Amino acid sequence: MGRGRGMTRLSSAVRGLVTTLAALLTVTTTARATPQPKAPKDFVSLRTVDPTILQEMRYFTPHNFVGERIDGYAQPICILTRPAAEALHQAQTKLLRQGYTLKVYDCYRPQRAVDHFVRWAKDLDDQAMKAEFYPNVDKTRLFTDGYIAEKSGHSRGSTMDLTIVKLPAKPTRPYHPGETLVPCYAPQDERFPDNSVDMGTGFDCFDTLSHTLDPRIQGAQRDNRLLLKTTLEDLGFVNLAEEWWHYTFKPEPYPDTFFDFPVSWKSLTSKH
């Protein structure tokens with residue numbers, strides 16, 4: 001009888017283990033099946049509105065101030081609210097007549113990407129890309145000086161980072177992780193080769209020289225910044241004074257909403 005009770009206890013234990021494992025598998029399966037958030041229907045791929053605008057989506061690549069692909073960038077595509085994309089198309093039409101094209105570096109940015117920036121900024125030991133993107137800024141000051149924030153206008157869908165390229169556009173060579181870095185404010189023929197016109201600094205240069213109207217930026221560099229600024233402002237865009245590349249289309253369809261759907265075709269084409 002003792003043996004029978006032992007077998008009964010063992011069977012109960014096995015049944016309990018099986019039940020627990022089944023519950024865990026159910027939770028795991030459910031977690032895996034949780035759908036990603038989707039874009040509202042008035043978000044579009046810029047390529048479907050204007051396929052002539054160049055796209056060099058830096059946060060899909062390791063060539064950025066973090067040094068790795070940023071969370072949320074599943075594909076290298078520019079996503080914007082439709083009004084912003086259509087206004088950018090109008091700007092492109094004007095520039096094409098003058099022998100130029102726009103090139104976007106970043107458009108809609110999910111909140112998870114901003115969170116990635118914040119985690120990186122708090123890790124003071126990670127300064128792998130300092131020599132190019134923030135050579136004169138102590139990493140402890142990135143929040144204080146406004147280079148990194150916990151929310152970004154990009155997440156609202158009507159903000160983009162962009163530049164101008166002279167036509168015919170030459171390809172930009174790929175960035176090779178580990179290559180020697182040159183300060184983003186170095187002369188154009190010394191810093192990382194970008195096919196854009198000379199704006200005085202590279203994109204995402206954490207330096208006061210990136211201020212759109214910094215008085216130290218003169219000549220052709222200032223003219224190039226003003227060409228971008230006047231072209232966009234005439235169509236309803238507003239420049240962030242601290243970054244020559246940063247523009248927001250006004251009025252924004254979502255002025256108070258920070259989205260977190262991934263940058264991917266699936267975010268746009270899946271059923272809502």
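The values are calculated or read from the model by the stated rules, or taken from the named source; none is laboratory data. No experiment lies behind these values; they were computed from the predicted model shown. Methodologically, a virtual Cβ is constructed for each residue, glycine included, from the backbone with ideal geometry; neighbour enumeration extends over all protein chains shown.
Which is surrounded by fewer than 20 Cβ atoms within 10 Å (Cβ to Cβ) and touching a helix residue (DSSP H, G or I) at 6+ places or on another chain (Cβ under 9 Å), of ARG191, ARG222? It would help to see each step written out before you state the result.
On the way: ARG222 fails: touching a helix residue (DSSP H, G or I) at 6+ places or on another chain (Cβ under 9 Å).
Testing whether each residue is surrounded by fewer than 20 Cβ atoms within 10 Å (Cβ to Cβ) and touching a helix residue (DSSP H, G or I) at 6+ places or on another chain (Cβ under 9 Å) leaves just ARG191.
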Just to be sure I understand the filter: pairs with C-beta atoms under 7 Å, separated by 6 or more residues or on different chains, first member in segment 31-54 and on the phi < 0 side of the Ramachandran plot, second member part of a loop (DSSP other than H, G, I, E, B) and at pLDDT below 95. Which pairs pass? LYS38/SER270; LYS38/HIS272; LYS41/HIS272
Counting only residues in segment 125-151 that are among the small types (Gly, Ala, Ser) and in a loop (DSSP other than H, G, I, E, B), the one surrounded by the most Cβ atoms within 10 Å (Cβ to Cβ) is identified as ALA128
Is at least one residue of segment 83-93 crowded, with 17+ Cβ neighbours inside 10 Å, under 18 Å from the mean Cα position of the chain (by Cα) and polar (S, T, N, Q)? no
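Going by the conditions given, is SER210 modelled with pLDDT of 95 or more, of a type in the set (Gly, Ala, Ser), under 22 Å from ALA131 (Cα atoms) and surrounded by 17 or more Cβ atoms within 10 Å (Cβ to Cβ)? Even if it seems obvious, please write down each step before you answer.
Numbers: modelled with pLDDT of 95 or more: yes; of a type in the set (Gly, Ala, Ser): yes; under 22 Å from ALA131 (Cα atoms): yes; surrounded by 17 or more Cβ atoms within 10 Å (Cβ to Cβ): yes.
Yes; evaluated as a whole, the condition is true for this residue.
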Checking the conditions here, which among GLN55, GLN98, GLN75 is in contact with a strand residue (DSSP E or B) (Cβ under 6 Å, 6 or more places away or on another chain) and either assigned by TED's automatic domain parsing to the domain that holds SER158 or at pLDDT 95 or above (or both)? GLN55
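If you go through segment 97-115 one residue at a time, how many are under 17 Å from PRO76 (Cα atoms) and not aromatic (Phe, Trp, Tyr)?
Narrowing segment 97-115 to residues under 17 Å from PRO76 (Cα atoms): 102-114.
Checking the rest, the ones that are also not aromatic (Phe, Trp, Tyr) come to 102-104, 106-107, 109-114.
Here the count works out to 11.
Scan segment 222-230 and give yes if some residue there is under 17 Å from CYS78 (Cα atoms) and either in contact (Cβ under 8 Å) with a residue 40 or more places away in the chain or of a type in the set (Lys, Arg) (or both), otherwise no. Walk me through it before giving the result.
Step one: list which residues in segment 222-230 are under 17 Å from CYS78 (Cα atoms), which gives none.
Within segment 222-230, not a single residue is under 17 Å from CYS78 (Cα atoms) and either in contact (Cβ under 8 Å) with a residue 40 or more places away in the chain or of a type in the set (Lys, Arg) (or both).
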Are any residues in segment 73-124 touching an Asp or Glu at 6+ places or on another chain (Cβ under 8 Å), under 20 Å from PHE206 (Cα atoms) and part of a helix (DSSP H, G or I), and if so, which ones? ALA113, VAL114, ASP115, HIS116, VAL118, TRP120
Within segment 167-182, is even one residue acidic (Asp, Glu), out of contact with any His (no Cβ under 7 Å at 6 or more places or on another chain) and either touching a residue at least 24 places away in the same chain (Cβ under 8 Å) or in the same structural domain as THR231 (by TED's automatic domain parsing) (or both)? yes
Meets criteria (hydroxyl-bearing (Ser, Thr, Tyr), in contact with a strand residue (DSSP E or B) (Cβ under 7 Å, 6 or more places away or on another chain) and closer than 25 Å to PHE261 by Cα) for TYR105: yes
